[in-house]
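S.K.: Before I ask anything, here is the structure I am working with.
The values are calculated or read from the model by the stated rules, or taken from the named source; none is laboratory data. Remember, it's a predicted structure, so these values are computed and weren't measured experimentally. So basically every Cβ, Gly included, is an ideal-geometry build from the backbone, and we count neighbours across all protein chains shown. Heads up: the accessible areas ignore ligands, DNA and RNA and are worked out on the full protein's heavy atoms, side chains in. Shrake-Rupley method; radii C 1.70, N 1.55, O 1.52, S 1.80 Å.
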Amino acid sequence: MRLRELLDYSSIVVQCHDFPDADAISSGFAVYTYLKAQGKEVRLVYGGRSKITKPNLVIMVEHLEIPLEYVTDLPEAELLVTVDCVYGEGNVTKFPAKKVAVIDHHLCNKTVSELMEVRSSYGSCASVVAEMLQEEGVAINENTDMATALYYGLYSDTNAFGELNHPADKDLRDFTKYDSSVFMLLKNSNLSLAEMQIAGDALKHYRYREEYRFAVVQAKPCDPNILGFISDLLLQVDGVDTCVVFCKMPSGLKLSVRSCVASVRAVELLEYVISGIGSGGGHMQKAGGYIPNDSIAEVAEADLREYMAGRIVDYYNSYDVIYAKDAPIDTKGLPLYRKSPLVFGYIPSLELYPEGTELCVRTLEADLNVTAGPEIYLMIGVFGEVYPIRKEKFDASYEITELAPEISAEYEPTVIVADEAETQKLIPKARGCIAKAGTPIYAKRLTKALKIYTMWDEENYMYGRQGDYVAVRSDDPKDVYIIMGKIFEKTYECM
């Protein structure tokens, strides 16, 4: 769905979920502002049992002049747009509506309208709306109040930027021109005495598994930032390497995950816990997620802590570990593969910036730090994945072609340089190259997750999920690495 599709209606109500948080308010405000600028008759509302009283939210509405209304009956309108929630779910009052549209970032397993934009890989609804505005040519930085609201919405819903998931989250964090004085006021008005009490009560009732060194804590319903606060306290306890803190909200479970050891990445632990039943994201040390009520309907309230502990134990038993230098993979019986003659993209780094410039290459998978130099090229794969390659290896492995690269990326890789406002998109600058018939590899599809400590990095592992491939160079059995399943099946062929 595009925002422009909402312009077919003259009178519109934008509805946040009940007890709206900063993400819902900011997203609703941005949609309201867009529609108002297009000459539409629009109102921004929320329902529920009571009005918002949380200090930071009251300050947010007042200082950013957000026209948010508390209603018990829906104002008459041609279209109702729910933001940061799905019409009919348990966390939003279901008002009668002639026509419904949905904008959300939580996992959704049902369709309530043909007007739905649900991006569950995003860390906040603010990120979804910011990108939708950009798709319509709206520069959010031209409206400081709206930009500040979206920035704070992302900050709040990703535990102070600790649980960013999608590159769009990082773009909103990095390129928003917000009012720093208002943001600091909101940031420092976030924790109430009641929430401090919630944190203290939660820590009294923990579950701990000594053999895995993890803890599980359930808190009373609270802001996601409070879950992160509790998680950070838990990691300061001797004997706790990882933890999951959660609370039951009206629509489902909110989770905060932490890890302080290199052998377990918080985001991978979270992904396992919510696999198939929820959504979320994060990075090595911090992650956050959400599981809707429908996915845990069979779990009794009293059993939630044990249920969560069981999912974590299953994670620890779900993967194998390989140290490539000590235990090379037995390739006997494995088929040989070679790269398919696809047209990849490449860019000499000096065509982007002068030698010595520190580049941050933002892709769907991660941010990659590279220093521009005459020997450094950037390769772009068929799904927009980017990796550096030395010119010597490029010349030996690829042939330059006049054909255009075959690239289909969900998020277009971008180069960011510190202290520069402008970014550069890589795909338009890429030239074509085709892999030469180089060294073949042995490969095997994974039926169980695998962590590989490679020859070139013995501290950080590569993580392969079921459906990915473990690859071994045919001329070096200790050169072992992971290739994502969809990339392998697109770019390799059996010999």
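S.K.: All but one of (1) within 21 Å of the chain's Cα centre (by Cα); (2) hydroxyl-bearing (Ser, Thr, Tyr); (3) within 27 Å of Met60 (Cβ to Cβ) hold for Ser192, so report the exception by its number.
M.R.: Tallying (1) within 21 Å of the chain's Cα centre (by Cα); (2) hydroxyl-bearing (Ser, Thr, Tyr); (3) within 27 Å of Met60 (Cβ to Cβ), Ser192 fails exactly one: (1).
S.K.: Select from region 159-202 the residues that are crowded, with 19+ Cβ neighbours inside 10 Å, among the hydrophobic types (A, V, I, L, M, F, W, C) and touching a residue at least 40 places away in the same chain (Cβ under 8 Å) and write down the one among them that is nearest to Val216 (Cα to Cα).
M.R.: This residue is Ala202.
S.K.: Just for strands (runs of 3 or more DSSP E) wholly inside region 234-334: which have at least 3 residues that are aliphatic (A, V, I, L, M) and either touching a residue at least 12 places away in the same chain (Cβ under 8 Å) or open to solvent by 10 Å² or more (accessible area, probe 1.4 Å) (or both)?
M.R.: Ranges flagged: 242-249, 252-259.
S.K.: For the subset of region 360-396 comprising residues that are open to solvent by 40 Å² or more (accessible area, probe 1.4 Å) and small (Gly, Ala, Ser), which member is farthest from Ile483 (Cα to Cα)?
M.R.: Ala396
This table checks each residue for (1) under 19 Å from Val257 (Cβ atoms); (2) basic (Lys, Arg); (3) modelled with pLDDT of 95 or more.
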| position | (1), (2), (3) |
| --- | --- |
| Glu136 | no, no, yes |
| Asn143 | no, no, yes |
| Met146 | no, no, yes |
| Ala149 | no, no, yes |
| Gly153 | no, no, yes |
| Thr158 | yes, no, no |
| Glu163 | yes, no, no |
| Leu172 | no, no, yes |
| Phe175 | no, no, no |
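S.K.: Yes or no: region 56-74 includes at least one residue that is among the polar types (S, T, N, Q), in a helix (DSSP H, G or I) and open to solvent by less than 40 Å² (accessible area, probe 1.4 Å).
M.R.: Checked region 56-74: at least one residue is among the polar types (S, T, N, Q), in a helix (DSSP H, G or I) and open to solvent by less than 40 Å² (accessible area, probe 1.4 Å).
S.K.: Given (1) out of contact with any Phe, Trp or Tyr (no Cβ under 7 Å at 6 or more places or on another chain); (2) touching a residue at least 40 places away in the same chain (Cβ under 8 Å), identify the lone condition not met by Met60.
M.R.: Of the numbered conditions (1) out of contact with any Phe, Trp or Tyr (no Cβ under 7 Å at 6 or more places or on another chain); (2) touching a residue at least 40 places away in the same chain (Cβ under 8 Å), the odd one out for Met60 is (1).
S.K.: I need a count of the residues in region 443-473 that are part of a strand (DSSP E or B), open to solvent by 80 Å² or more (accessible area, probe 1.4 Å) and under 20 Å from Ala266 (Cα atoms).
M.R.: 2
S.K.: Same structure, new question: Kindly check whether there is at least one residue in region 214-226 that is among the aromatic types (Phe, Trp, Tyr), buried (at least 16 other Cβ atoms within 10 Å of the Cβ), under 24 Å from Arg119 (Cα atoms) and in contact with a helix residue (DSSP H, G or I) (Cβ under 6 Å, 6 or more places away or on another chain).
M.R.: no
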